[in-house]
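*Asks:* Okay, here's the structure, questions in a sec.
The values are calculated or read from the model by the stated rules, or taken from the named source; none is laboratory data. If you're wondering where the values come from, they're calculated on a predicted model, not measured in any experiment. Cβ coordinates were reconstructed from backbone atoms using ideal geometry, including for glycine residues, and neighbour counts include every protein chain displayed.
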Amino acid sequence: MSSYRLRSFSHWLLALFLTFTAVGQVAAQDAATVSKEGVTPGATAAAAPAAAAGSAAGAGSAEAIAAGDALFKGNCAQCHAVNDVVVGPALSGIDKRRPLPWIIKWVKNSSKMVASGDEYAVKIFNEYQKQQMPSFALSDAEITSIVAYVKSEEGKGGGATAKTDGGTPAVDGQAPTTGDDAASGKYVNVVLIVLIVVLIVLVVTLVIIANIMKDVLRGRKDLDGRDVEILDQKTDWMGVLKSGWFKGIVGTLFVLVVLYESIQGIMAVGLTQGYQPAQPIAFSHKLHAGEHQINCAYCHTSVYKSKSANIPSANICMNCHSQIKTTSPEIKKIYRAIQRQQPIQWVRIHNLPDLAYFNHSQHTQVGGIECQTCHGPIQNMDVVYQYSALTMGWCINCHRETPLNTKGNGYYDNLVKLHNEANAGAPFTVSSNGGTECSKCHY
Amino acid sequence: MQESPKYWKGIEELENSPEFLHNALSEFGIPMKESRPSSDDTVAPRRDFLKLMGFGLAAATLASCEAPVRKAIPYLNKPEEVDPGIANFYASTYFTGQDYNSVLVKTREGRPIKLEGNPESPVTRGGLSARAQASVLSLYDGARLQSFAINGKAADKDKVDQEIRTRLASAGRIAIVSHTIISPSTKRAIADFAGRFAGVEHVQYDANSVSALLRANGGVVPGYDFSKASVIVSLGADFLGTWISPVEYAAQYIVNRKVSSEKRSMSRHIQFETNMSLTGSNADVRAAVKPSQMGTIAQQLYNAVVSGTMPAKPADPKKDIMANALYLAASELKAAGNGGLVVSGSNDANVQALVAAINASLGTAAINAAAPSYVRQGDDQRMANFVNGIGNYGAVIFYHANPVYDHPMGDKVAAALANKGLVSISFNHTADETGALCQYQCPDHHWMESWNDYEPKRGSLSLSQPVITPLFKTRQAQESLLTWAGNPNTYYNYLRNNWRGILGGNFQAGWDKAVHDGVATGTLLPAPAAQLAPAGQATAPTAKTGGIELAIYEKVGLGDGSEANNPWLQELPDPVSKATWGNYVTVPRAMAKEKGWEQGDVVKVTANGKSVELPVLIQPGQAQGTIGIALGYGRTKAGMVADKVGANAFPLVSLADNALNYVATATIEATGSREPLAQTQTHHTIMDRKPVVQVATLEQYIKNPKEVTEYDKIATPEGLEKPSKVSLWQDYEYKNHHWAMAIDLNSCIGCGSCVVGCQVENNIPVVGKQEVINRREMHWMRIDRYYSSETHKDSFEDKGKLSTYALMEDPSDNPQVIFQPMMCQHCNHAPCETVCPVLATTHSTEGLNQMTYNRCVGTRYCANNCPYKVRRFNWFSYYSNEKFESVNGHMFTDLGRMVLNPDVMVRARGVIEKCSMCVQRIQLGKLEAKKQKRRPVDGEVVTACAQSCPTQAIVFGDLKDPNSRVAQIWRREDGERGFKVLDAVNTQPNVTYLTKIRNSATSEFFAPEVEKAEKKAEPHNA
């Protein structure tokens, strides 16, 4: 009986080990899904204003406010905040200060109004360092919805709102997501700790029980020789260490590990994953894309239309920084570059070999892939690093797994039909449409 | 102390000689020279080799430890319309004194990388010549002058201006020498300049002069419209290749040459010529005649058409080809009435007067009197007067003119320029033969850096606009003239002011539209000055006789040689002779046999007291007793590429009857040396093999379109079947796209525009003469040229099989010619795909045969297994191997590399490459459609070759789109003219060719008997 128990002890240990590994893997997988799917600032932000709309006083339906929210972020947020002066004036109370038709006229062509000598327009113009507000080709309805949105946002506190209040629409959508992440992470950790504690307690208990039982048995005199032998049996550790099969296993394991590591090492030659060079200007994506929620395409202007996403030229920086933080030493570097007519030489982080063709617009505009899918949590990076491996295997894997973004795209209509006729069950992935063929990327 | 005994190693130590003492301390002695003295210093000694290798290994290891830091440098102030990665197209105009082309300039990140035809242009209709295709490289030519200079030393612009102004003021007579200028505003700037300085004379001349034609037609080139002609008789005018405006004429010509089962009619084209030209190769009837006979032919045609005296019908048309052609031409012209058109390339005023009279008598509809062409205005007599009287001038300005090279009296000009009293100014881009001799070099902007306007035909205007910031410290020539004339205006404003009159209404809107379209309607150019001598009378020209007659001609690629420093043009095979890199003497086979010359023997040709030494090329179709030499070669100061390639034939041209005479009587003697010719095709005939290329007569086609093409059948147990019936491989199923091509051999004139277009688009390297001789040229697209032979398979019985085959290899003396564009056929059952050991060449789901360079290990099995021989192997690193620096130099410098297409990689050494059907364009077209959430529209995705074709012979598209042009042609011509090359091998190409239909009585490519015999069945073994 006791021998059985003792053997089961080692089984327990094995089971314990396996459980730990499994749990660890689950946790890792969770992290992986998060990183693969990326964080989508836009997605959550869209849902928020609907909730906020309820509290909004006055005119403006929820839809108008939601539309206004998107328009505001896309067009106005670079220079205006509702309750703060950024480049331009704070917009709260704008509908009380000026009549709607005036606002519409102003948004469409402010310089014309200034030129026409409109008193208020000239005043505003002079007040804000004679900084011209660009003209926007927005429809009257769109401008009205922006005003509705501004109204709904009024009095939600100062600039601090964005950072403190989790639920307001002004917040980047990523905050709640991170919260979720943290919550689920914490949960897993707690479960893990509890499990470990339970297991340790279990082990200790078992060892104690085994010892007690041994003592009890030793105390009994009626045992025959064979039982005593079993009772006093000691594991011959040296024997195990010296045994051939042990040496064999250890040797094989060692060789396998060395082999694995060297293959990994060789495969990593030329890989620059994690490459995080110092840049000539300490530009922070965390600040711009993360905290200030500036749309990626605002600076990377051609990310939706071209092969190249376009590293912003200094004149784009100047859209805001002609007004904001003009004394910062980092921003002075931009001024200097413009003065000296010497473009800023950024260090290129993502280097694809010349033999591979990559087109941003194919992935962003057509594929509908988020920037973060490949570039990682860019909105949390103070200094950008290469997040993905950018190897061919990495590309191909994604092409094999990712379903095509065929929805509403007339290009794919017939292809989807054909695919569904042939094998409806399988997802219509990039590779099933020829997305892993050589000439899709190499020519 | 007892001294220990001292042992000495040898007698030297005992003697303690100085030599011994010297050597005693160094164990290995003085380092010895290599024991085996090498006569070759370049051979590295073994130790050096080891040292280098050790260092190399260490360096490589160190270097690979850290990836090089690459910079990403954005614009400081990004122009609104420029987005990195997106190509912008700007309408512009290419005209450098030769052919006129309205173009679209494709720019990427602000640098031009390709030219395409402008479809808006009513003149060139979207076509583009090979020369224009290649001219994008001239912008990045390293030989261009980079700043103003005085006597070759760089100087400040202001200083040069000041000196020139002072010297011009006291110069007296001033001559501005240029090729034809068709820019109204430039002419006006010259007029303004002439208003400022007294005694300014503008002398225009053309290296390829048509002075006589101008003289016979009131100073202008008649407004030919070949699309309105049903019978075209050409007396030595190579109007499809080099004559005046070939792209325009080719586009017109082809309108009546395309056939389909609905339109079974064609124009008739009869060509009399001396050298085998591109136009002659396309003619239905071609007669090889001596230049001296041209006058008689013109006279006889004149007699037939105007006076009604028909030439006699020859008894045996086969024997007397010329008389037969003359009879046909005369009778058909008469029958055609106003559908007839005669053109002549002769520069003899008498001949041109006769031709003009014939056309007038026919009342031809193919000449639009309201829209004459201005692209030739050169006056040979005025130029000759200038050269002869150059001593009377105080100053001369060369406006892109290079008479020292391209005028027969160039040596006189050169001698005059040595006189420092003569103020000489050059606007030329390079320090060329003339420019280098000038005192002041004021290089003009390249045309892609400048504003300019053009009026190629009366009523048709076009503009050029800058597409790149000037690369060097140059200045637009017109602005230089205006500056010296004291006009502070920029040429842009000057040009706009000049246009105010013609763009009525809202000027800004009209101007914007004109700049956008590149073309506009209106007339700005004043009537050209009359030619100096009066037009000749229609008198019978006297025939010169005796000796060997030399006909000097132009090549399709190089033309007059002004753009010779362009390796793409140098390596573009001549459409007919298929020779690259250099000119040669074309001789008929009979003459070569008689004199005992072989191809490549260098001969000395003497004419007009000047001589050149060039190798012999045996040219089928060359008129008996004549030879031909091409212009445009033998440059000495053009730059790295063109210098010392071939010999200059301009000195052989003479001035006769007020016009440059491109024919002469020559004497030839062998020199005994040899120089190999670099030809890309050295087999001439198709050996009666219909599977290669098919041809039929219009008569057969009218009778039954289903009979003109012969389809291969293979023997199967069930009898003769289509080759595709028996196949080893599975068929592909295409769901998305199925890219395919149709090539109409009836429309292909062989001009080579596609060859250069493909080269530019796909970063194809230039390999140079020796590598062409080694048959390692890299062109993805070639145009195979086949001559007909006199011998056919029907001679087996009389002559025996072996000797018949030997004879079949020889083209006939006046052969018919077929051009067949050949590139990767993108076979559905591709033989190359199955033999690649590393799967570097695979089939795509869109029907493309993909070549993956980075996977290729260079076994060349695929090239071996390709029945079409379209795969090219990179034997060298053409972009870095110094051996290729002179020919492929643009891939070596940052300046030249700007021309490379950034979407296509430059292939490394040791890999195979081939036509990809411009997969980068396919991908782009698909992406644009996807972005707009729709299917691509037919015509959106076009390969570079199809895009550049002036005659739309190549049609590319998606077979899955039933309405695409290519799908329609495939459907329509299946069973009629459509055939696949080498169908019997069952490669199932995605390229269909359409049988050539010739409007002549017989097709000489196949014996009629053989045709029948073959029909009986000669099954191929599949």
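*Asks:* Among the candidates B:GLY172, B:GLY218, which residue alone is within 30 Å of B:SER267 (Cβ to Cβ) and over 28 Å from the mean Cα position of the chain (by Cα)? Spell out the reasoning first.
*Replies:* On the way: B:GLY172 fails: within 30 Å of B:SER267 (Cβ to Cβ).
Going through B:GLY172, B:GLY218 in turn, just one is within 30 Å of B:SER267 (Cβ to Cβ) and over 28 Å from the mean Cα position of the chain (by Cα): B:GLY218.
*Asks:* Among the residues of segment A:428-442, is any part of a helix (DSSP H, G or I) and of a type in the set (A, V, I, L, M)?
*Replies:* no
*Asks:* Please indicate, with yes or no, whether at least one residue in segment B:760-770 is surrounded by fewer than 24 Cβ atoms within 10 Å (Cβ to Cβ), at negative phi, polar (S, T, N, Q) and under 30 Å from the mean Cα position of the chain (by Cα).
*Replies:* Looking for residues that are surrounded by fewer than 24 Cβ atoms within 10 Å (Cβ to Cβ), at negative phi, polar (S, T, N, Q) and under 30 Å from the mean Cα position of the chain (by Cα), one finds at least one in segment B:760-770, hence yes.
Yes/no per residue for (1) closer than 23 Å to B:CYS918 by Cβ; (2) crowded, with 18+ Cβ neighbours inside 10 Å; (3) at the interface with another protein chain (Cβ under 9 Å from one of its Cβ atoms):
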{"residue": "A:LYS325", "(1), (2), (3)": "no, no, no"}
{"residue": "A:ALA337", "(1), (2), (3)": "no, yes, yes"}
{"residue": "A:TRP346", "(1), (2), (3)": "no, yes, yes"}
{"residue": "A:ALA356", "(1), (2), (3)": "yes, no, yes"}
{"residue": "A:ASN359", "(1), (2), (3)": "yes, yes, yes"}
{"residue": "A:GLN362", "(1), (2), (3)": "yes, yes, yes"}
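*Asks:* Is it true that A:ILE316 is within 28 Å of A:HIS350 (Cα to Cα), in contact with a helix residue (DSSP H, G or I) (Cβ under 9 Å, 6 or more places away or on another chain) and without any contact (Cβ under 8 Å) to a residue 60 or more places away in the chain?
*Replies:* It is true that A:ILE316 is within 28 Å of A:HIS350 (Cα to Cα), in contact with a helix residue (DSSP H, G or I) (Cβ under 9 Å, 6 or more places away or on another chain) and without any contact (Cβ under 8 Å) to a residue 60 or more places away in the chain.
*Asks:* Could you tell me which residue of segment B:446-485 is surrounded by the fewest Cβ atoms within 10 Å (Cβ to Cβ), considering only residues that are in contact with a strand residue (DSSP E or B) (Cβ under 7 Å, 6 or more places away or on another chain) and of a type in the set (D, E, K, R)?
*Replies:* B:LYS473
*Asks:* Within the set of pairs 6+ apart or on separate chains, which have a first residue in segment B:557-579 that is on the phi > 0 side of the Ramachandran plot, a second that is of a type in the set (Ser, Thr, Tyr), and C-beta atoms under 6 Å apart?
*Replies:* B:LYS578/B:THR680
*Asks:* Within segment A:278-294, identify whether any single residue is in contact (Cβ under 8 Å) with a residue 12 or more places away in the chain, within 11 Å of chain B (Cβ to nearest Cβ) and in contact with a helix residue (DSSP H, G or I) (Cβ under 6 Å, 6 or more places away or on another chain), and answer yes or no.
*Replies:* Checking segment A:278-294: not a single residue is in contact (Cβ under 8 Å) with a residue 12 or more places away in the chain, within 11 Å of chain B (Cβ to nearest Cβ) and in contact with a helix residue (DSSP H, G or I) (Cβ under 6 Å, 6 or more places away or on another chain).
*Asks:* Sort through B:ALA312, B:ALA330, B:ALA366, B:ALA349 and tell me the only one that's over 29 Å from B:LEU524 (Cα atoms), among the hydrophobic types (A, V, I, L, M, F, W, C), in contact (Cβ under 8 Å) with a residue 12 or more places away in the chain and buried (at least 23 other Cβ atoms within 10 Å of the Cβ).
*Replies:* B:ALA330
*Asks:* Return the residue satisfying two criteria in turn: it lies in segment B:916-936 and is in a loop (DSSP other than H, G, I, E, B) and under 20 Å from B:LYS106 (Cβ atoms), and of such residues it is nearest to the other protein chains (Cβ to nearest Cβ).
*Replies:* B:SER916
*Asks:* Between a residue in segment B:428-448 that is closer than 12 Å to B:PRO403 by Cα and any residue that is among the hydroxyl-bearing types (Ser, Thr, Tyr) and assigned to a loop (DSSP other than H, G, I, E, B), which pairs come within a Cβ distance under 7 Å, given they are 6 or more apart or on different chains?
*Replies:* Within 7 Å, the pairs are B:ASN428/B:THR434; B:GLU433/B:THR636.
*Asks:* Looking only at residues in segment B:244-297 that are in a loop (DSSP other than H, G, I, E, B) and small (Gly, Ala, Ser), which one is nearest to B:TYR662 (Cα to Cα)?
*Replies:* Among residues in segment B:244-297 that are in a loop (DSSP other than H, G, I, E, B) and small (Gly, Ala, Ser), the one nearest to B:TYR662 (Cα to Cα) is B:SER277.
*Asks:* So, one more: Of the residues B:ARG855, B:ARG860, B:ARG871, which single one is within 14 Å of chain A (Cβ to nearest Cβ), without any contact (Cβ under 8 Å) to a residue 60 or more places away in the chain and of a type in the set (Lys, Arg)?
*Replies:* Values: B:ARG860 fails: within 14 Å of chain A (Cβ to nearest Cβ); B:ARG871 fails: within 14 Å of chain A (Cβ to nearest Cβ).
Just one listed residue meets the conditions, B:ARG855.
*Asks:* Residues of segment A:382-417 being within 23 Å of B:LYS933 (Cα to Cα) and surrounded by 15 or more Cβ atoms within 10 Å (Cβ to Cβ), which ones?
*Replies:* Within segment A:382-417, A:CYS398, A:HIS399, A:THR402, A:LEU404, A:ASN405, A:THR406, A:ASN409, A:TYR411, A:TYR412, A:LEU415, A:VAL416 qualify.
*Asks:* Working only within segment B:953-1009, note down all residues that are within 24 Å of B:SER727 (Cα to Cα) and part of a strand (DSSP E or B).
*Replies:* Of everything in segment B:953-1009, those that are within 24 Å of B:SER727 (Cα to Cα) and part of a strand (DSSP E or B) turn out to be B:ASP974, B:GLY978, B:PHE979, B:VAL991, B:THR992, B:TYR993.
*Asks:* Just checking: which of the helices (runs of 4 or more DSSP H) contained wholly in segment A:154-241 hold 2 or more residues that are modelled with pLDDT of 75 or more?
*Replies:* A:174-219, A:225-231
*Asks:* On to the next question. Those residues that are touching a Cys at 6+ places or on another chain (Cβ under 8 Å) and of a type in the set (Val, Ile, Thr), I need them from segment A:73-117; list them, please.
*Replies:* Once the filter is applied, which keeps residues that are touching a Cys at 6+ places or on another chain (Cβ under 8 Å) and of a type in the set (Val, Ile, Thr), segment A:73-117 yields A:VAL86, A:VAL87.
*Asks:* Can you work out which of the residues in segment B:171-222 that are in contact with a strand residue (DSSP E or B) (Cβ under 9 Å, 6 or more places away or on another chain) and surrounded by fewer than 18 Cβ atoms within 10 Å (Cβ to Cβ) is farthest from B:ASN256 (Cα to Cα)?
*Replies:* Step by step, filter segment B:171-222, then rank; the result is B:GLY172.
*Asks:* Tell me whether segment B:882-890 contains one or more residues that are over 16 Å from B:GLN770 (Cβ atoms), more than 14 Å from every other protein chain (Cβ to nearest Cβ) and surrounded by fewer than 21 Cβ atoms within 10 Å (Cβ to Cβ).
*Replies:* No - not one qualifying residue is present in segment B:882-890.
*Asks:* In this structure, is A:ILE311 within 8 Å of chain B (Cβ to nearest Cβ) and either surrounded by fewer than 19 Cβ atoms within 10 Å (Cβ to Cβ) or of a type outside the set (Gly, Ala, Ser) (or both)? Break it down stepwise before answering.
*Replies:* Working: within 8 Å of chain B (Cβ to nearest Cβ): yes; either surrounded by fewer than 19 Cβ atoms within 10 Å (Cβ to Cβ) or of a type outside the set (Gly, Ala, Ser) (or both): yes.
When the stated conditions are applied, A:ILE311 passes them.
*Asks:* Among the residues of segment A:269-298, which ones are modelled with pLDDT under 85 and either farther than 30 Å from A:GLY368 by Cα or in a helix (DSSP H, G or I) (or both)?
*Replies:* The one that is modelled with pLDDT under 85 and either farther than 30 Å from A:GLY368 by Cα or in a helix (DSSP H, G or I) (or both): A:VAL269.
*Asks:* Quick check on segment B:838-848. Is at least one of its residues surrounded by fewer than 21 Cβ atoms within 10 Å (Cβ to Cβ), over 31 Å from the mean Cα position of the chain (by Cα) and over 16 Å from B:SER916 (Cβ atoms)?
*Replies:* Scanning segment B:838-848, I find at least one residue that is surrounded by fewer than 21 Cβ atoms within 10 Å (Cβ to Cβ), over 31 Å from the mean Cα position of the chain (by Cα) and over 16 Å from B:SER916 (Cβ atoms), so the answer is yes.
*Asks:* Could we say that B:ALA349 is closer than 30 Å to B:GLU563 by Cβ and outside the structural domain of B:ALA287 (by TED's automatic domain parsing) here?
*Replies:* no
*Asks:* Among A:ALA121, A:ALA115, A:ALA137, which is the only one that is farther than 13 Å from A:ALA64 by Cα, without any contact (Cβ under 8 Å) to a residue 40 or more places away in the chain, hydrophobic (A, V, I, L, M, F, W, C) and loosely packed, with under 12 Cβ neighbours inside 10 Å?
*Replies:* A:ALA137
Residues checked against (1) in a strand (DSSP E or B); (2) away from every other protein chain (no Cβ under 14 Å); (3) modelled with pLDDT under 70:
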| residue | (1), (2), (3) |
| --- | --- |
| B:MET1 | no, yes, yes |
| B:GLU27 | no, yes, yes |
| B:PRO31 | no, yes, yes |
| B:ASP41 | no, yes, yes |
| B:LEU52 | no, yes, no |
| B:ALA63 | no, no, yes |
| B:ALA67 | no, no, yes |
| B:ASN77 | no, no, no |
| B:GLY85 | no, no, no |
